[in-house]
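The block underneath contains the structure these notes are about, expressed in structure tokens.
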Amino acid sequence: VAGAAILPPRWLAMGLPVELAGLHDSKQLTEPQREKYFEFLTASAEIEFAIAAVDAGVIDEINILQATHRAMNDALVQLNPLPPHALVDGRPVKTLRVPQTAIVKGDALVYSIAAASVLAKVTRDRLMLKAHVQWPEYAFAEHKGYGTAKHLAAIVKYGACPIHQLTFAPLKP
């Protein structure tokens with residue numbers, strides 16, 4: 001899952017609205033904080049945002065990095081208008097459709113990247129909650145798909161379900 005966000009340029013001078021105080025790397029936020037930011041980001045008429053996801057089959061077919069880049073491009077092209085430049089978290093993306101500036105740890109340093117990170121993480125977590133309803137034996141609601149001991153034990157006991165990435169251990173042939 002990848003997110004893209006264009007924040008209002010006037011926020012550079014004025015600062016973030018109070019509803020986004022404390023916004024930074026989604027991995028460092030609590031679930032309630034991420035949900036609060038997500039609701040504000042998606043409800044604000046001033047913010048242009050998009051979210052795109054690539055399923056496990058595609059990840060298995062083209063690899064996780066290429067699938068991530070595809071999701072990033074898919075999110076970007078949903079923005080209206082397409083931005084003339086993108087700020088990217090981490091390393092440069094060779095296939096990105098617009099010029100870019102890559103910023104290592106950008107989700108902790110740049111508000112628009114942090115916003116995109118929140119959009120992606122909340123969307124992914126919600127997808128995992130839906131997966132939990134369909135396949136409760138894997139406890140996706142608890143670990144959100146990460147390779148915890150409980151998740152790995154469920155894979156050993158039940159095998160893979162349709163959303164598992166078969167190219168990752170322990171499922172990798």
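The values are calculated or read from the model by the stated rules, or taken from the named source; none is laboratory data. Quantities reported herein were computed from a predicted structural model and do not represent experimental measurements. What goes into the accessible areas is simple: the full protein's heavy atoms, side chains included, and nothing from ligands, DNA or RNA. Shrake-Rupley method; radii C 1.70, N 1.55, O 1.52, S 1.80 Å.
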The stretch 18-27 - phi-based ³J(HN,Hα) in whole Hz, Karplus 6.51/-1.76/1.60, Gly and Pro as x: 4, 5, 10, 4, x, 4, 7, 2, 4, 5
Taking the alpha-carbon set of the stretch 74-173, what are its Rg and Dmax in Å? 17.1, 49
Residue-normalised value, i.e. accessible area per residue, for the stretch 1-99 at 1.4 Å probe, in Å², stands at 58
Averaged over all viewing directions, the convex hull of the alpha carbons in the stretch 1-93 casts a projected area in nm² of 7.0
Add -39500 (n - 2.57) for each DSSP H run of 4 or more in the chain, then divide by its residues: what number comes out at 222 nm, to the nearest 500 deg cm²/dmol? -14000 deg cm²/dmol
Whole-Hz Karplus couplings 3J(HN,Hα) for the stretch 135-146, θ = phi - 60° and coefficients 6.51, -1.76, 1.60, Gly and Pro as x, run 10, x, 4, 8, 6, 4, 5, 7, 9, 6, x, 6
Under 5 Å, built H, 5+ apart or other chain: amide partners of Val88: Thr101, Ala102, Ile103
Shape parameters for the chain, alpha-carbon atoms, Rg then Dmax in Å: 17.1, 55
Please label the shape of the stretch 74-123 as rounded, prolate or oblate, based on the square roots a ≥ b ≥ c of the eigenvalues of the alpha-carbon gyration tensor (a/c under 1.5 means rounded; beyond that, a/b larger than b/c means prolate, else oblate). oblate
Express in Å², to the nearest 10, the accessible area of Leu82 obtained by rolling a 1.4 Å probe over the protein heavy atoms while all chains stay in place. 80
With θ set to phi - 60°, apply the Karplus curve 6.51 cos²θ - 1.76 cosθ + 1.60 along the stretch 51-65 and write out the HN-Hα couplings as whole Hz, x wherever there is a Gly or Pro. 9, 9, 10, 10, 7, 4, x, 5, 4, 5, 6, 10, 5, 5, 5
Run down the lysines and flag those whose C-alpha is under 28 Å from the C-alpha of Lys150, throwing out any fewer than 8 positions away in its chain. Lys27, Lys121, Lys130, Lys172
